[in-house]
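A short worksheet on the structure shown next.
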């Protein structure tokens, strides 16, 4: 699990940085590809964490992140019927998705490099 967590953190950091660079370089709507690439990678990671029960106990930051994502997905599903709701949630995600990506990456970093340390290494 520790190896997966380290790879997960650094893939997220790399994809976020690559997406920012891509957004600065490209013209038009091509920058949106970064949203989908980073989001898909983090969604797969989130599903793996939930399926294995890693750091997803009630009251943890990952638990609240999962609830936030479930609410956004629920609102998006409602938006498939009511197009005004879909437009509002997509506009919201245009600005909030980068915040969520950074939130998820920081959460993974804390789990990997702070929570998974040996207890004696915390006594410095």
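A short reminder: the numbers here are calculations on the coordinates, not readings from a lab. Predicted model, so just to flag it, every value in this text is computed and none were measured.
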Given the DSSP H assignment, sum -39500 (n - 2.57) over each helix run of at least 4 residues in the chain and divide by its residue total; what's the result at 222 nm in deg cm²/dmol, nearest 500?
-26000 deg cm²/dmol
Using Cα atoms only, what is the angle between the long axis of helix 32-52 and the major principal axis of the chain, expressed in degrees (0 to 90) to the nearest 10?
40
Ratio to report: Rg/Rh of the stretch 2-116, with Cα atoms as the point set and Rh obtained by the Kirkwood method; give two decimals.
1.00
May I ask you to derive the relative contact order of the chain, considering only C-alpha pairs under 8 Å and at least 6 residues apart, and to give it as an integer percent?
30
